Every structure is written in structure tokens, then in C-alpha cells.
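Below is one structure; the comments refer to it alone.
The values are calculated or read from the model by the stated rules, or taken from the named source; none is laboratory data. It should be emphasised that the depicted structure is a prediction, and the values quoted were computed from it without experimental measurement. FYI the Cβ positions are ideal-geometry reconstructions off the backbone, even for glycines, and counts take in every protein chain you see.
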Amino acid sequence: MKLFTLSNTRRAVQIIAFFLLVYTSIFLTTGIDIEGLPFVSVPKDVVRPEWYAPEKGYTEVFDTYLPIKSCRFIADENRAFRACFMHFANESIVWNSPPEEWIPHLLLFLFAALIFARAWCGWICPLGFISESAFWIRKKLGFKERKIPEKIKQYIPAFKYGFLSFVFLLSLLVILPIGLSAFQGEFSIVNCATCPARTIFPLFAGKFSLDFSFSNPVYFLFSIIGIAFLLVFISSFFFSRPWCRICPSGALLSLLNPVSFLRKEKEKEKCTSCGICERICPMDNTTIQEKKGDSINTGNCIRCFRCVEHCPEEDCLKVKFFGKTIYKSKYKEKTESLLDSTKK
Amino acid sequence: MQVLNNVKRALLGDVTQEKENPILERRYEEEPYSEPGKTEEFRKKILNASMQNLKSMQSKKNRPKAMAYFDKIVTGSREEEIKKSGKKVLGYFCSFIPEEILYAADVIPIRLCAGSFDTMDVAEGILPRDVCPMVKSSFGFKVLGLPLMELCEIAVVPTSCDAKKKMGYYLADYMPVWMLHLPHKKDSDKSVKLWLEEMYDFKDAVEKFAGKKISKKALEDSTKLLRKRTDAFRRFLELRKAKLIPISEKDFLLVVYVSFFDDAERWTKNVSLLCDEIEKNIERGIGVHSKDTIRLLLTGSATIWPNFKILDIIEKAGMAIAVDQSCVGTWHLYEPVEVEEYSLPGLMQAIAERYLSPSICPCFTVNDDRFDNLTELIKAYEVDGVIYHILRLCQLFDMEAETVKKILEKENIPMLKVVTDYSKEDVGQLSTRIEAFKEMILIREEGEK
Ligand code: SF4
Ligand code: SF4
Ligand code: SF4
Ligand code: SF4
Ligand code: SF4
């Protein structure tokens, strides 16, 4: 058994990231002078519903947003980051805050997302990690794995980008004078109200709350979607990362997948079409097995690189970082030969 | 119970789906024709052919000593062993049948594709003259009651090429035959689904045949065991890349041929020993051919023990085969079964895909993977030329030759297409062509310098 396999490394990174994001207080004691850190100013004049306002104000340690679910519902006393980037995207529009306040956050996001794109999902996101762990527990308990049916799968991309657009559309509606005054303000909560993270993360601080309100039509709609999404997330126990296929954060990063600087490459002549990569993929990507074009950096790929790890053809799949190969496929169990020293 | 079933049947029609019997049934049966009297005579003939091959192979200098094991197995010691073991034996054709399932049920698998010239004649009485020599040869083994065909209680034939399909039909007169439905397009999800279903049926049939349930544990163990076999085999292939060719193609094919019927665990051990020796030889600069020998790649139809005619000729012409691309050589054990989840469905899926998706058999409509692999092998093994070997009447390989030729022209690698069968009639003519091919390569190399 090799210890430093790619899977193990990724698992380690995920665990560390999980603790850093969810239990920061264990690692970082308070007392840090947060006034000295960037991005801490709190916008004041905000149109937002009462229960949505943060209890303590934004005074947490790093106080910015990550491209993945560094959720604001991670218990306040534990949390390192302000919220997830989707929340920011909403907020900055809704708050009508001056550009100098949100532009640094946006740049930070673009920088981080452009380099790694969905590798954030595969390596860092704590919600994705929980999802993966649930699936792993099922495996250990010996329950049968289920595959998302083809019939549903074909609509996933449309739904994913559709929902992403829906979220941004609603955020815009908050500030446009369209005369829906009664509920307009509530539109801003669409992101968090529908997000499963809101229920899942508090669990890790020992709090359980099913916070769904049905008191007005907007809340009603959001709560219905939210419950549906929560169920999708819970099905992680049987399906591999079901929520990640429609998650708006993931969808946003998906858009950058084809252009990011951490990417995969495939030498198609070396591929034997054995289908191992397709079977091993946690996101059920079928394109990785194909031999045409740049079909392997598609939006649905979370860059876990399991396909690269398990491909039995040497050099067939490669991971490139700024054009440099940092990892490549190889037949793992092959006994090392003395060839390299004697050849040529 | 019976009453209930009857009521159900009356109400709903026949809904109790009986498992289909896998045995191929002919309505136009014929009296099997056999020649038991000749068994001994032919047994000697075949042994002779093997001995002759071995003698010429053993006389080559620097032949690895670990080959002795394979020499011993191929000259008959395995037959007694199988008989003594008392286990069930199942024979199969082509390289699509998952040995994992057979090992899990404690059944001994034997690949029956044969390369004996001697047994062809007798098959010609039953099959037409103009079919693939491999099919005729294999059929002859049954008619004559020869080992190892005789040990098999059942023959499993995939619907790969036309000759194999029809051979299955006629073989059904002689012994129980299972036809496995191999899809004609391998790169489609539907095909994989069909093949997976076929694998489940195969598993059920094997269970019934062996009188033993295949547990998840047993399948896991056998998969891991055969994975080790592939590991060792991959190492062997890797060693063949050495500049000084460390093992002749004949020896290589013999090693693979022995895996057709040998015990997997013992075979793996001995291949590892062979690899160790080869590794040492490479280190000390010992090879079986001199350094500037022309390196060739052999692709196309199967060259099965003891029909090493084409290899003989190439060897006599002073060229070496660095690697082959054939379902009885490099590709028989090449692909690993990579299991994502050690559950029964997980194992079955991995096994089914391993035998279908990466196959390079020309019986598939689109076989571009074979061409990809060919250019890869050319680069990896630094070959100077390609021998495209076609067993006479194999249309599939013949038709693909055109594409291969064009691809190789682009790669600037010369190719010689050889159409032949098991008989020795055309040896002279082939030698001349292969000599000429060698001259051409030499002239090209001169030109390049
Ligand atoms: S898709 Fe969403 S939940 Fe899944 S890993 Fe990415 S950011 Fe996290
Ligand atoms: S609830 Fe979801 S959208 Fe809101 S901050 Fe948390 S992760 Fe982001
Ligand atoms: S395609 Fe490869 S890197 Fe992308 S999600 Fe699937 S296994 Fe991971
Ligand atoms: S695992 Fe590698 S060789 Fe197999 S299909 Fe995928 S890319 Fe091709
Ligand atoms: S080339 Fe295909 S049909 Fe011919 S023997 Fe090999 S596997 Fe069978």
C-alpha cells in the first residue's frame, strides 16, 4: 500500500480544509486585530430582511469569500470566512455598496477561480467533502451504489445554469424599481434560503434547525426549493455528489473550467478506450473517455484527478499547472524496471 | 404453490420468466463425425510440431533459462494435472471471456484457439475448405478428440467474427456450446449494457455448471489474483522495450500461449522469475539479437503455437520482432480490471468493460482504438517496420489493412502485408518477400543517414 497516492493527498487536503473552514477557532484564537486585515469594512445601508442580518456583524478573522461553500452558517464562533461567493454575488448587488468595497472581493474570486476553477470543489469545499464522505460511509457499510438515471442526467446542465441565472436575476430584481415592493427585498435571500449548506453546516456545531419559513409567497417558493435541494444533498448517501451537479457555486466555477490554469490534458493515441476513467469519476463524466478535442476539461469536472490516477496507460492523462505537467497517469502496480539506466 | 402458480398463469399469462438456457440448440442436428482411432497418431504429430519448435528456440543463444518452465508446460504436463485436479473445465474462444468469473467458481478455463496445421484436414470434411485456418484447426481438435479440447465439458464462443459464430453452430453437434452475444459496436452505451447483461447470464450459467455459487468474496479474490497476472505481464512488456531485444517473439508468444491453460498463480510466479532474469540480462547487456537488428512490429491475425511459420521466416531473414499487437500476444492479458467498488455490481461492471471496451479485435465496426494503439506501439518500441499478418480468408484484418497502410505512410514506417495460412507451401515465396522488405528497410536507413 502506497501512502502518498493522489487520492490520499486529496483526502488529506480536504480534511485539513474542512477543519480550517468549519472549526477555525480550534486553530486560530481570537485576539487578532481584524481592523488591520483587508476587506473588513461592513456596508451599512442594506435592504435586507431582519432575520437575514448577521448576529454579530462581519468581524471574523479573514472576512472574505471563497469560491466554494465557505458558508456564513458555519457557526459564528468557528467561522473563518465571511460567506460563500454566491452570497457575495448577491450581497454586492443588493447592498448597493460602493465599488471599492466589493471590487477587491471580486478580484480575489476571479484570481482564485481562474487558476483552479472547479479544483476548489474537488479539493477544498467542505460541503463537497461531506457529500463525498457520506458516499464513502455507504461504501464501507456495503450499501449498493446508485447511478443517476440517464433520463435525469441529460437535463442537469440546463437546470444548473438555469438556476444560476435565476439566482442572479432575482438579485437584480431587488434593486430594480419594478414595483413589487411587498416582496422585492426578500428576493435577496434566494441563495441562502435554497442552499442545503444552511442546514448541514450547523450540524457540525451541534445545532439542528430546519429553518424554512412559509409566511409569504416568496418564502414559500424558496422553502420548497430549499427542501428539495436539501433532499438532493441528503441523497449523497446513495449517489455520488448529487448536489454538486446543480450547485450554483459549482455552476459559476464550471464556466471557468475550460480556461483555468490547472487543467488536464489527454494524449488520445495512448488511450485504449478502456472506460476506467469514466467508471471511476465521481461526477459521472463520460467525456473523459472520448478521444476528441478538449472534451476533458468540461464544466462538470471537479478536478479530483481520480481519472488520471487510475488510467492504466502511461502518460495518457496529465495534469497541467500553468503548462507544466505536475502529475500523470501510469500503470501503478508495474514493478519498477532497471531499464531507464540501460536504455540508450 | 403449484396451484397458486397456475392461477397466476391463468390470470396474467406466462410471467414467470425462466432463465434462458445458454446452450446453443440446433434443430438441424447432424451425426457428429469423429475419428477416435486417429487420436494417438495426431497427438504424436502435434507433440512433434511442438518439439520441433522448441528445439529451434532452445538452440538460440542467450535464451532466458526461466523459459524452461514454459517449455515443460507446453509439452503436456498440464493435461495430467488438470485431470488429476478433478475440477470442472471450460473451454473458450477469443479473448472476451472473463476468466475472473471462472476462477471464482473454481472452474479451469482453457482458451481453445489453436494453431496446429495437422488438425485442419479432418475439419475440412465438416466445415468448408474456405474458412479461417484457426477455426478449422480448432475444430479438428474436437473431431480427433485431442487435448486440451477433450478436457473441456463446454465450449464458450463469443459472436466475434463470422467464422467463429458459425463454428459455434457446428461445434454444437459435438459438445455443449454457449454463444455469448458480443455486440458489434463496442463504443456505445447500449453495447456495454448488453454485454454486462450477458456477463450476468454467463455468471449464472457458470454457477450452474460448477454447482457452486459465486460469492462476492470469491469474485473479488479471483479478480485480484488475475490483476496480479496482468501486473506481471505489464512488467514483461515493459522489459521488451530494451534497446537490446531481451526475448524473442517466439518465446514471448509461447509464454502467452501457456497462459491459455496454465494455472494463473503459478504462471504469474514464473513470469516474474523470467522478468527478473531478463532484467539482469538487460543490465549486463545481454540480448537475443545483436544491437543493430531491424526491429519489427507484428500485427494482424493470431499466430498461435505451434504455427510460428511467419516468425521462423522473419528470424531467418535476420530481423527481430520487438513487439506484436495481437489477441494471442500483447493484448490477451494487457488490460487490467480496475475495480471502483468491491461489490458484486461493481466487480461485474469492471469485468464486463475490461473485456469489451478496450478490445482491438477487428470484428468491431469501428476499431480506431487499434490504429491509435498501433502508432503508440511503434513509438514506444522504436520499430523500423511493420509486418501485417493476415490469415487467409480473414476479411476483417484484410479490410483494415488499407487504413493501417495509410496511417503508417504518414508515420513514415514501411509495412509489408502478408496473407498466408498454416500450411508450409508458401514458405519460399514468403521468404523472398520478407528478404526484399528487409533490403528496403536497409536502403531507407542508408538514405536517412
Ligand atoms: S459544487 Fe458546490 S457543494 Fe459541490 S464542491 Fe463545488 S462548491 Fe461545494
Ligand atoms: S447558505 Fe449557501 S449560499 Fe448562503 S452562505 Fe451558506 S453556502 Fe453560501
Ligand atoms: S473527469 Fe476526472 S478529474 Fe474530473 S471529476 Fe471526473 S475523475 Fe475527477
Ligand atoms: S482510463 Fe485512460 S486509457 Fe482508459 S479510457 Fe480513460 S483515458 Fe483512456
Ligand atoms: S482477432 Fe478477434 S476474432 Fe480473431 S481470434 Fe482474436 S479476438 Fe477472436
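For B:Ile286, which of the numbered conditions (1) within 14 Å of another protein chain (Cβ to nearest Cβ); (2) without any contact (Cβ under 8 Å) to a residue 60 or more places away in the chain fails to hold?
(2)
Output yes when any residue across the stretch B:421-428 is buried (at least 20 other Cβ atoms within 10 Å of the Cβ) and either modelled with pLDDT of 95 or more or more than 30 Å from B:Glu197 (Cα to Cα) (or both), and no when none is.
The answer is yes; a qualifying residue exists.
Picking from B:Ile310, B:Ile282, B:Ile294, B:Ile321, which residue would you name as being hydrophobic (A, V, I, L, M, F, W, C) and in contact with a Pro (Cβ under 8 Å, 6 or more places away or on another chain)?
B:Ile282
Is it true that B:Leu237 is buried (at least 16 other Cβ atoms within 10 Å of the Cβ), without any contact (Cβ under 8 Å) to a residue 24 or more places away in the chain and of a type in the set (A, V, I, L, M, F, W, C)?
Considered against the rule, which asks whether it is buried (at least 16 other Cβ atoms within 10 Å of the Cβ), without any contact (Cβ under 8 Å) to a residue 24 or more places away in the chain and of a type in the set (A, V, I, L, M, F, W, C), B:Leu237 comes out as no.
Of all residues in the stretch A:198-244, count the ones that are surrounded by fewer than 22 Cβ atoms within 10 Å (Cβ to Cβ), more than 25 Å from A:Lys144 (Cα to Cα) and of a type in the set (Gly, Ala, Ser).
Residues flagged as surrounded by fewer than 22 Cβ atoms within 10 Å (Cβ to Cβ), more than 25 Å from A:Lys144 (Cα to Cα) and of a type in the set (Gly, Ala, Ser) within the stretch A:198-244 amount to 6.
Criterion first (at pLDDT below 95 and either of a type in the set (A, V, I, L, M) or buried (at least 20 other Cβ atoms within 10 Å of the Cβ) (or both)) does B:Val386 satisfy it?
no
Can you work out which of the residues in the stretch B:240-256 that are buried (at least 17 other Cβ atoms within 10 Å of the Cβ) and not aliphatic (A, V, I, L, M) is farthest from the other protein chains (Cβ to nearest Cβ)?
Per the stated criteria, the residue is B:Lys250.
Only one of (1) closer than 23 Å to B:Asp189 by Cα; (2) within 16 Å of ligand 2 (Cβ to nearest atom) is not met by A:Gly250, so which one is it?
The number of the failed condition is (1).
Return yes or no: is B:Glu338 within 10 Å of chain A (Cβ to nearest Cβ), farther than 27 Å from B:Leu396 by Cα and more than 16 Å from ligand 2 (Cβ to nearest atom)?
yes
Condition first: polar (S, T, N, Q) and either modelled with pLDDT of 95 or more or touching a helix residue (DSSP H, G or I) at 6+ places or on another chain (Cβ under 8 Å) (or both). Can you find one or more residues in the stretch B:179-190 that meet it?
No; the residues of the stretch B:179-190 include none that is polar (S, T, N, Q) and either modelled with pLDDT of 95 or more or touching a helix residue (DSSP H, G or I) at 6+ places or on another chain (Cβ under 8 Å) (or both).
So which residues in the stretch B:83-121 are farther than 15 Å from B:Ala155 by Cβ and more than 20 Å from the chain's Cα centre (by Cα)?
Residues satisfying the conditions are B:Lys83, B:Lys84, B:Ser85, B:Gly86, B:Lys87, B:Ala104, B:Ala105, B:Asp106, B:Asp121.
Condition first: within 14 Å of another protein chain (Cβ to nearest Cβ) and in contact with a Cys (Cβ under 9 Å, 6 or more places away or on another chain). Can you find one or more residues in the stretch B:257-267 that meet it?
Scanning the stretch B:257-267 turns up no residue that is within 14 Å of another protein chain (Cβ to nearest Cβ) and in contact with a Cys (Cβ under 9 Å, 6 or more places away or on another chain).
How many residues are surrounded by fewer than 21 Cβ atoms within 10 Å (Cβ to Cβ) and part of a loop (DSSP other than H, G, I, E, B) if we restrict to the stretch B:315-326?
Going through the stretch B:315-326 one residue at a time, the tally reaches 2.
Any residue in the stretch A:287-305 that is away from chain B (no Cβ under 14 Å) sitting within a Cβ distance under 6 Å of a residue that is within 16 Å of ligand 5 (Cβ to nearest atom) and among the hydroxyl-bearing types (Ser, Thr, Tyr)? List the pairs, counting only those 6 or more apart or interchain.
No pair meets every condition.
For a quick check of your reading: which helices (runs of 4 or more DSSP H) sit entirely within the stretch A:103-211 and have at least 2 residues that are within 14 Å of another protein chain (Cβ to nearest Cβ) and touching a residue at least 24 places away in the same chain (Cβ under 8 Å)?
It comes to A:126-141.
What residue, of B:Thr293, B:Thr365, is away from ligand 5 (no atom under 16 Å from the Cβ), farther than 26 Å from B:Phe260 by Cα and away from chain A (no Cβ under 12 Å)? I'd like the intermediate steps shown before the answer.
On the way: B:Thr365 fails: away from ligand 5 (no atom under 16 Å from the Cβ).
None of the others qualify; the one that does is B:Thr293.
Any residue in the stretch A:225-245 that is more than 12 Å from A:Thr194 (Cα to Cα) and in the same structural domain as A:Ser213 (by TED's automatic domain parsing) sitting within a Cβ distance under 6 Å of a residue that is among the aromatic types (Phe, Trp, Tyr) and away from ligand 2 (no atom under 16 Å from the Cβ)? List the pairs, counting only those 6 or more apart or interchain.
Close Cβ pairs satisfying both conditions: A:Ser236/A:Phe135; A:Ser240/A:Phe135.
To keep it simple, each residue is scored yes or no on (1) hydrophobic (A, V, I, L, M, F, W, C); (2) assigned by TED's automatic domain parsing to the domain that holds B:Gly329; (3) away from ligand 4 (no atom under 14 Å from the Cβ).
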site	(1), (2), (3)
B:Gln349	no, yes, yes
B:Glu353	no, yes, no
B:Ile360	yes, yes, no
B:Phe364	yes, yes, yes
B:Asn367	no, yes, yes
B:Asp372	no, yes, no
B:Glu376	no, yes, no
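Considering only the stretch B:389-412, how many residues are surrounded by fewer than 20 Cβ atoms within 10 Å (Cβ to Cβ) and within 14 Å of chain A (Cβ to nearest Cβ)?
Number satisfying all stated conditions: 3.
Among the listed residues B:Ser423, B:Ser431, which satisfies the condition of being touching a Phe, Trp or Tyr at 6+ places or on another chain (Cβ under 9 Å), more than 16 Å from ligand 4 (Cβ to nearest atom) and not assigned by TED's automatic domain parsing to the domain that holds B:Ser137?
B:Ser423
Would you check if there is a residue in the stretch B:388-399 being assigned by TED's automatic domain parsing to the domain that holds B:Leu311, over 18 Å from B:Met134 (Cβ atoms) and touching a strand residue (DSSP E or B) at 6+ places or on another chain (Cβ under 8 Å)? Walk me through how you get there before you give the answer.
Quick first cut of the stretch B:388-399, residues assigned by TED's automatic domain parsing to the domain that holds B:Leu311 only: B:388-399.
Keeping just the survivors that are over 18 Å from B:Met134 (Cβ atoms) gives none.
There is no residue in the stretch B:388-399 that is assigned by TED's automatic domain parsing to the domain that holds B:Leu311, over 18 Å from B:Met134 (Cβ atoms) and touching a strand residue (DSSP E or B) at 6+ places or on another chain (Cβ under 8 Å).
Would you please list the contacts, defined by Cβ atoms under 7 Å and residues six or more apart or on different chains, that run from a residue in the stretch B:78-107 that is free of Cβ contacts under 8 Å to residues at least 60 places away in the same chain to a residue that is not in a helix (DSSP H, G or I)?
Filtered contacts from the stretch B:78-107: B:Lys87/B:Asp106; B:Lys87/B:Val107; B:Lys87/B:Ile108.
Give me the pairs, please: first residue somewhere in the stretch B:297-314 and closer than 12 Å to B:Lys250 by Cα and in contact (Cβ under 8 Å) with a residue 12 or more places away in the chain, second residue anywhere and in a helix (DSSP H, G or I) and among the aromatic types (Phe, Trp, Tyr), beta-carbon distance under 6 Å, and either six or more positions apart or on two chains.
Partner pairs satisfying both residue conditions: B:Trp305/B:Tyr257.
Going by what's in this entry, would B:Ala380 be described as within 14 Å of another protein chain (Cβ to nearest Cβ) and surrounded by 20 or more Cβ atoms within 10 Å (Cβ to Cβ)?
Criteria not met by B:Ala380.
Within the stretch B:164-197, track down each residue that is away from chain A (no Cβ under 14 Å) and surrounded by 21 or more Cβ atoms within 10 Å (Cβ to Cβ).
B:Lys164, B:Met167, B:Gly168, B:Leu171, B:Ala172, B:Val177, B:Trp178, B:Leu180, B:Leu182 - these are the residues of the stretch B:164-197 that are away from chain A (no Cβ under 14 Å) and surrounded by 21 or more Cβ atoms within 10 Å (Cβ to Cβ).
Against the condition closer than 30 Å to B:Ala218 by Cβ, within 14 Å of chain A (Cβ to nearest Cβ) and of a type outside the set (Gly, Ala, Ser), how does B:Leu347 come out, does it pass?
Spelling it out, B:Leu347 is indeed closer than 30 Å to B:Ala218 by Cβ, within 14 Å of chain A (Cβ to nearest Cβ) and of a type outside the set (Gly, Ala, Ser).
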